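Working notes, structure below.
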Amino acid sequence: MGAGVLAGCAVWSLITAAVHDGRPEGVLLAVLALAAGYAAGRILGVLLPVAAPCAGALAGLALAVALPRLGPGPQTVAPPGHAGATAAVLTLSAGAACCAAWATAVPVLRLTLWLVAGGVAVAGALLGSTTAVVACGAVLLCSRAAGRARRRGPALAALAVVAALVTGLTWTLAGNALPGGLAGALRDGLTPRRVDLWRDALGMARRESAVGVGPGRFAELSGTAARSTPSDGRPHSAPLQLAAEQGVVGVLLLAAVFCWVLFALWRAPRSTPVVLTAGTALTALAAVAAVGDALSFTTVSVGAGLLAGVATARPLADDPLPSEASKGLRESEGSEPSGAPSRYERDLHGGRPAG
């Protein structure tokens, strides 16, 4: 299923590029990065269910600290778009640290990993990223609450609703459909330039709703991007960029990728706290990408794939669960006779009782 959705994204970008002489390289690179990260995450999640997300969290933190200074020459401020990438990388790092904490049975290591996740949020504050602080804090709080979750399905459905609401808010703001007071407050918080870019993207989507204006052509047709200095030529919203450049089908394919990830998490053999933590981090990433330029960075796509892959892999040994999470998992799977092997034990031994 996932391979089909990602292949559809790649093929549709090529089709829309052929219609309007666009440049699909960015979309193809993002699809490749996501697929490669997911495959690597599945492998590492089997072999190193604790070490892999822990290393990913530390690597993401180091990358986020260095990210604003990337690029040629001395820079005193982050280049355009890097603020969203920094928030996205820190969010994924916090999610990876929390997943590693739930995956280990060593109390000291678990506490250390919780502290690492908190440290990621502090790093966001030191870097001046309010978005990163809010997103990392939400991931940490939801991950702690996931230890008491009895069923993962309703929680994952709620995460899908949250992502849809944030995306819908950007569309209604771009379309001037919000009340004046609320629209003004959001416009000031998001900056007028960003909202004007969204309106340009929405205008393109309305004119070319079928196939869009072509991948990579937003900067050529946006008056706001032409007047902005400096400008990275993007509308700073992944759904609106796809709507403008690839039409309705592009937006539906993006939504299909997100729904596929949530579906894979729902069916994953990992413990519910690990699954819900990864789902929360990826939902926070979707929210950041809806209001910022995050998915245009290859490191973010790779990181998202890695986290999803680790959280959906089947480890060689079952995840250690705290007592309340174990109780919730048993209740969500239905009652079983006392002494009967768990679902994970049956899967591990090919359906045969252990011993």
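Values for this structure:
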{"quantity": "Share of carbon and sulfur in the accessible heavy-atom surface of the range 89-220 [1.4 Å probe, %]", "calculated": "67 percent"}
{"quantity": "Accessible solvent surface per residue of the range 174-230, calculated while the other protein chains remain in place, 1.4 angstrom probe, Å²", "calculated": "51 Å²"}
{"quantity": "Gained length - Val106 relative to Ala226, 0.36 nm times residue gap less alpha-carbon distance", "calculated": "37.7 nm"}
{"quantity": "Calculated FRET value between Ala158 and Val122, using beta carbons and R₀ = 35 Å, to 0.05", "calculated": "0.80"}
{"quantity": "Inter-site label distance for Ala36 and Thr191 at 7 Å from Cα along Cβ, in nm", "calculated": "3.0 nm"}
{"quantity": "Per residue accessible area in Å² of the range 101-172, where ligands, DNA and RNA are left out and the probe is 1.4 Å", "calculated": "52 Å²"}
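The values are calculated or read from the model by the stated rules, or taken from the named source; none is laboratory data. From a predicted model like this one, the values you see are computed outputs, not experimental measurements. Note that we place each Cβ from the backbone using ideal geometry, even for glycine, and neighbour counts take in every protein chain shown. Note: accessible area is taken over every heavy atom of the protein model, side chains too, but ligands, DNA and RNA are not part of it. Shrake-Rupley method; radii C 1.70, N 1.55, O 1.52, S 1.80 Å.
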